[in-house]
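Asker: What follows is a structure written as structure tokens; I'll ask about it next.
No value in this document is a laboratory result; all are computed from the given coordinates. What you are looking at is a predicted structure, and each value in this text was computed from that prediction instead of being measured. Quick reminder, even Gly has a Cβ in these numbers, built from the backbone with ideal geometry, and neighbours come from all protein chains shown.
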Amino acid sequence: SAMSKEQRVLQYVQQNASRGDPDSVLAAVDKFGWETEWAMNLGDVKGAILDRFVKETAPQTMLELGTYMGYSAIRIARLLPETAKFMTVEFDQENAAVAREMIEFAGLQNRIIQITSDTADVIPQLKTKYDVETLDMVFIDHWKDVYVRDIKLLETNKLLRKGTVVVADNIIKPGAPEYAEYVRTCGKYDSTFHESRFEYSNDDIDGLEKSVFRG
Ligand SMILES: Cc1ncccc1-c1cc(O)c2nc[nH]c(=O)c2c1
Ligand SMILES: [Mg+2]
């Protein structure tokens, strides 16, 4: 059967990037996104903002909700030390399969723990099954309608500590208004909005919310 868009991006990466070179993989995905087919990767513009947050935080324990094709997982993992523990969770099996190959091509499979499951099931298991004490950083980029559900799950499962940095994509497009309202008004976070551009767009606005847990 015909390839999916995600498989077309993976093929383009395998034919145009250098194996074991994460930056060349990111560049190939972004070139495809700008020039050939739009896809919901974080992208180069918002990606540069996330890079800065990851470098500033230097997390030893990191969680990503929403792997998709693995673009942001590669973006994050390329900045982490070998000793860091980084888990990424994806519900869709087909996307997870593409991500696994993309991450392997980038040579980062030893630095990323890929979990194919529902985040609502994984979050309560992180302490027992994945030996997590607390998280230093979280990147939320799965489905806007479950952002609030999942950050509350992180809270009730005692996975956040004073200073944990939670970053969320798509605050403007498609928009996560309930999430923005929650983190900005619940009193548990110091939250800032970082305006940017929607992925592979010169015109559309989007942005990342960065919320530091007060403990
Ligand atoms: C797909 C789409 N169409 C129009 C507007 C925005 C989106 C869009 C963009 C993203 O960055 C997404 N990230 C994670 N999960 C999503 O569902 C998602 C959806
Ligand atoms: Mg997104």
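Asker: Mind scanning 31/152; 5/129; 46/127; 31/188; 55/144; 31/173 and naming the pairs with a C-alpha gap bigger than 28 Å? Write out the running numbers ahead of the final one.
Answerer: Numbers: 31/152 36 Å; 5/129 33 Å; 46/127 30 Å; 31/188 39 Å; 55/144 25 Å; 31/173 21 Å.
Long pairs (Cα-Cα over 28 Å): 31/152; 5/129; 46/127; 31/188.
Asker: Same structure again: Would you work out the relative contact order for the chain, in percent, from Cα pairs under 8 angstrom that are 6 or more residues apart?
Answerer: Numbers: 396 pairs, mean separation 41.8, N = 215.
Computed value for the chain: 19 percent relative contact order.
Asker: Can you tell me the FRET efficiency between residue 94 and residue 48 if r is taken as the Cβ-Cβ distance and R0 is 30 Å, rounded to the nearest 0.05? Walk me through the numbers on the way to the answer.
Answerer: Numbers: r = 28 Å, r/R0 = 0.95.
Here the calculated transfer efficiency is 0.60.
Asker: Convex hull over the alpha-carbon atoms of the range 131-215: what's its volume per residue in Å³? Walk me through the intermediate numbers first.
Answerer: Details: hull volume 7.8 nm³, N = 85.
Cα convex hull per residue, to the nearest whole number: 92 Å³.
Asker: Shifting gears a bit: With runs of 4+ DSSP H residues as the only contributors, calculate the mean residue ellipticity of the chain at 222 nm using -39,500 (n - 2.57) per run, divided by the residue total and rounded to the nearest 500. Intermediate values should be presented prior to the final figure.
Answerer: Working: 9 runs with 89 residues, N = 215.
Mean residue ellipticity, 222 nm, calculated: -12000 deg cm²/dmol.
Asker: What number comes out for the charge environment of residue 50, summing +1 per Lys or Arg and -1 per Asp or Glu over other residues with Cβ under 9 Å away?
Answerer: Working: positive: 46, 52, 75; negative: 51, 169.
Taking every Cβ under 9 Å from that of residue 50, the sum is +1.
Asker: Going toward the positive end of the dipole of the chain, with +1 on Lys and Arg Cβ and -1 on Asp and Glu Cβ, which of 148, 159, 24 do you reach last?
Answerer: After comparing all options, I get 159.
Asker: Right, next: Roughly what % of DSSP beta bridges within the chain run antiparallel, to the nearest 5?
Answerer: Values: 13 of 30 bridges.
Rounded to the nearest five, the antiparallel share is 45 percent.
Asker: Lys and Arg at +1, Asp and Glu at -1: add these up for the other residues within a Cβ distance under 14 Å of residue 37 and post the number. Display every interim value, and only then the final one.
Answerer: Numbers: positive: 5, 8, 31; negative: 6, 30, 35, 199.
Its environment carries a net charge of -1.
Asker: Tell me, what does the Kirkwood hydrodynamic radius of the range 57-111 come to in angstroms if you use every pair of distinct C-alpha atoms?
Answerer: Details: mean 1/r = 0.0898 Å⁻¹.
With all distinct Cα pairs of the range 57-111 included, I get 11.1 Å.
Asker: When Lys and Arg each count +1 and Asp and Glu each count -1, what net charge do the other residues less than 12 Å away from residue 179, Cβ to Cβ, add up to?
Answerer: Charge balance in the 12 Å sphere: -3.
Asker: Follow-up question, since we're still on this one. What angle do you read, to the nearest 10 degrees and between 0 and 90, between the alpha-carbon axis of helix 147-156 and the longest principal axis of the chain?
Answerer: 50
Asker: At q = 0.15, 0.28 Å⁻¹, what log₁₀ I(q)/I(0) does the range 79-151 have when each alpha carbon counts as one equal point scatterer in the Debye sum?
Answerer: Log10 of I(q)/I(0), two decimals: -0.55, -1.47.
Asker: May I ask for the distance between the Cα centers of the range 170-215 and the range 25-56, given as a whole number of Å?
Answerer: Taking the Cα centre of each part, the range 170-215 and the range 25-56 sit 17 Å apart.
Asker: While we're on this one: Given the options 141, 121, 92, state which has the largest fluctuation in a GNM of the chain using a 10 Å cut-off (strictly under) for Cα springs.
Answerer: Top of the fluctuation ranking is 121.
Asker: Lys/Arg Cβ at +1, Asp/Glu Cβ at -1, dipole of the range 1-97 taken about the Cα centre: which of 15, 79, 96 is farthest positive-ward?
Answerer: 79
Asker: For the chain, take the alpha-carbon Rg, divide it by the Kirkwood Rh, and send me Rg/Rh. Spell out each step's value before the answer.
Answerer: Values: Rg = 16.3 Å, Rh = 17.2 Å.
My calculation puts Rg/Rh at 0.94.
Asker: Further question on the same structure: Run the dipole for the chain about the Cα centre, Lys and Arg Cβ at +1, Asp and Glu Cβ at -1, nothing else charged, and hand back the magnitude in debye, nearest 20. Write down the numbers at each step before the final one.
Answerer: Values: 26 positive and 35 negative charges, 144 e Å.
It comes to approximately 700 debye.
Asker: Can you pull the Kirkwood radius for the range 33-139, inverse mean 1/r over Cα pairs, to one decimal in Å?
Answerer: On the way: mean 1/r = 0.0708 Å⁻¹.
Kirkwood hydrodynamic radius for the range 33-139: 14.1 Å.
Asker: Taking the Cα centre of the range 170-212 as the origin and placing charges on Cβ (Lys, Arg +1; Asp, Glu -1), which of 183, 208, 170 is farthest toward the positive end of the dipole?
Answerer: Farthest along the dipole direction, towards plus: 183.
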